[in-house]
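Student: To start, I am sharing the structure in question, which I have written as structure tokens.
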């Protein structure tokens, strides 16, 4: 061979060094680049914004209750499982209650999710740069901050299960080790969200059942290994619970902890049936049964909702299917597309992939089985997050949680569709595969265009127009917008002026960040209340609560918590609202937050403040 050929860049470098760089340098550097970018990106807006009705307040308040010795579930409502709050309590034990520490903790989870997204896609495609695309999108739009456990758990389970039961390995011990890791992931998932744990357990079980099939002459051996993997995985899932279970027994909340698991199906069934009721009729009865709306003279007049409007349903409404085309703005169209196209894509993938998988099992084609089962597993773990978005909270924040793991599924669908299209000799099949890949890519692009500009999806949009420093207790040192800078200090000072440390501040229907930033406890067992609870039951519970706790301050937020007029507090709880106005003294309205204080707090003849007032 000529020395010129050996030294030729087009031969030597391309044939020898480029593959080596792809496998070593790029494969090593890209994850570090993603991690570094994530830290830099999140540092740009870690102190941007303060959501009074956000999950951060709940995480902070509940963690402080646990630090004070309250028992989970028995003394304080969790809504999720114990690990949702215990790490935060441990973090606060080390650093003290601090809002920015709390945000960095959840941004660390976002970073881990982005990196796992990269390794999840790379484990199938073996393409460094293609795998970086969904990872970067997951970092840029990490989902609602303070709830980033959800996308993290979706990606974590997909990552561990594909390595345990899908990726082919020569070593049985490595397969068993990954199955143990997947079992530990299941246990951890249950300790965060029981419903998500149940869905992922079904996927884990299905993969273990499928594991022996598809390889000629190895059924018995793989069957024994699958049984060992399933047993070991479930055993480790149980073992992960032991520290919490021992603490529950020692502190007397073991029965309540166990009842979360045994009562989950009944809770979901009742919630689903409640949603399926005739909500319009129910809310019409609720409005008329509570007599005319009456409000304190110092407060703006309540607006009675239109009985013929979709807003009168009360619960958060899903976008209409026709909004994909007829939505008034791109935001409405893109949200509807992002809500419904994943259903279409999933249905096609499950039907086509399921049939292909069945054919691969019959042919005992191990390679085809892996190529089909890997993206289907990722899809299944993504869809485990779908019900809580689509059936219970159909909004952008919860959509963003589901879409983080779904981006991995979309990337895998695009990859496999393009690959098979190139290999196909049938023009019709090739066109169908390219069309499916196009739909998947379009869905990812439309979702990103919808979510990236929205602060509620966890993106850097939180930084937009924040220029004023706002300080409060518990490490709240953030930048806020011009409008917020007008009324937030007044709200903070009104609470601190009338409630001494240790005195209760009751925030309705849901503003736990006020409690956290003023370091004043809430008397509510469940920090979240909205119009779906019904005024009649809430009224009696409220009077009992006030009688027992005698809160020094009551803060009423009048936002449309479910995006409709009936969900304003003054509309769905008019009798309770009237009682507050008659028995507490109104001292001011700060944007949508009305502050009432107990009469003995001695406000005298001070005129109420109206700062940044909005209807």
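Computed from the coordinates by the stated procedures, all read-outs in this text should not be read as laboratory data. For clarity, every value in this text was computed on a predicted model and none was experimentally measured. Ideal geometry is used to build each Cβ from the backbone, glycine not excepted, and the neighbour counts take in all protein chains shown.
Student: Sort out for me the Cα centre separation of region 136-151 from region 203-249, rounded to whole Å.
Tutor: 29
Student: Explain nothing, just the number: relative contact order of the chain, from Cα pairs under 8 Å at least 6 residues apart, as a whole percent. Write down the numbers at each step before the final one.
Tutor: On the way: 910 pairs, mean separation 108.5, N = 615.
Relative contact order for the chain comes out at 18 percent.
Student: What is the helix-to-structure angle for 99-125, meaning the angle in degrees between its Cα long axis and the longest Cα principal axis of the chain, kept from 0 to 90 and rounded to the nearest 10?
Tutor: 20
Student: Taking 0.36 nm per intervening residue step and subtracting the Cα-Cα distance, what contour gain separates residue 29 from residue 347 on full extension?
Tutor: Taking 0.36 nm per residue and subtracting the Cα distance, the gain is 110.8 nm.
Student: Also, quick follow-up: With only alpha-carbon atoms in the gyration tensor, what are the semi-axes of the equivalent ellipsoid for the chain, in Å, largest first? Before the final figure, lay out the partial values.
Tutor: Working: eigenvalues 463, 138, 127 Å².
Taking √(5λ) for each eigenvalue gives 48, 26, 25 Å, largest first.
Student: So, in Å, what gap is there between the alpha-carbon centers of region 158-174 and region 371-416?
Tutor: A separation of 21 Å, based on Cα centres.
Student: Tell me the label-point distance for the pair residue 168, residue 548, using the 7 Å Cα-to-Cβ offset, in nm and rounded to one decimal.
Tutor: 6.2
Student: Among DSSP bridges having both ends in region 492-611, what percentage is antiparallel? Round to the nearest 5.
Tutor: 60
Student: Could you put 122, 398 in order, starting from the residue whose Cβ has the fewest other Cβ atoms within 10 Å?
Tutor: Listed from fewest to most nearby Cβ atoms, that is 122, 398.
Student: Right, another one. Using alpha carbons only, how many angstrom separate the centre of region 555-615 from the centre of region 423-460?
Tutor: After rounding, the separation between the Cα centres reads 46 Å.
Student: Between residue 227 and residue 430, how many nm apart are label points set 7 Å from Cα along the C-beta direction?
Tutor: About 4.9 nm, to one decimal.
Student: Can I ask one more? Relative to the longest principal axis of the C-alpha atoms of the chain, give the angle of the C-alpha long axis of helix 535-549, reported between 0 and 90° and rounded to the nearest 10°.
Tutor: 70
Student: Same structure, new question: Can you compute the FRET efficiency between residue 259 and residue 528 using 1/(1 + (r/R0)^6), with r the Cβ-Cβ distance and R0 = 30 Å? Round to the nearest 0.05. Mind showing how you got there, number by number?
Tutor: On the way: r = 20 Å, r/R0 = 0.66.
Working from the Cβ atoms, E equals 0.90.
Student: Using only Cα atoms and rounding to the nearest 10 degrees, what angle (0 to 90) does helix 128-140 make with the longest principal axis of the chain?
Tutor: Around 0 degrees separate the two axes.
Student: Given the DSSP H assignment, sum -39500 (n - 2.57) over each helix run of at least 4 residues in the chain and divide by its residue total; what's the result at 222 nm in deg cm²/dmol, nearest 500? If you can, show how the numbers build up before the last one.
Tutor: On the way: 24 runs with 372 residues, N = 615.
That comes out to -20000 deg cm²/dmol.
Student: Counting only DSSP beta bridges with both residues in the chain, tell me the antiparallel percent, nearest 5. Walk me through the numbers before you get to the answer.
Tutor: Values: 14 of 23 bridges.
Approximately 60 percent, going by the DSSP bridge assignments.
Student: Another question, if that's okay. Residues of region 143-184 with backbone nitrogen within less than 12 Å of a virtual label 7 Å along the Cα-to-Cβ line of residue 370, please, listed as ranges.
Tutor: Answer for region 143-184: 163-171.
Student: What does DSSP give for region 451-556 in terms of the percent of beta bridges that are antiparallel, rounded to the nearest 5?
Tutor: 50
Student: Calculated FRET efficiency, residue 486 and residue 391, Cβ-Cβ r, R0 51 Å, to nearest 0.05? Working shown, then result.
Tutor: Numbers: r = 38 Å, r/R0 = 0.75.
Result of the calculation: an efficiency of 0.85.
Student: Here is a further query. So what is the relative contact order of region 492-611, in percent, for Cα pairs below 8 Å that sit 6 or more residues apart? Show your work: numbers first, answer last.
Tutor: Details: 189 pairs, mean separation 29.1, N = 120.
Dividing the mean separation by the residue count of region 492-611 yields 24 percent.
Student: Determine the relative contact order of region 353-459: mean sequence separation of Cα pairs under 8 Å and six or more apart, normalised by residue count, in whole percent. Could the numbers behind the result be given before it?
Tutor: Details: 81 pairs, mean separation 23.3, N = 107.
Result for region 353-459 is 22 percent.
Student: Run the paramagnetic zone check for residue 362: 7 angstrom along Cα to Cβ, then residues of region 187-212 with backbone nitrogen under 20 Å.
Tutor: So the set is 210-212.
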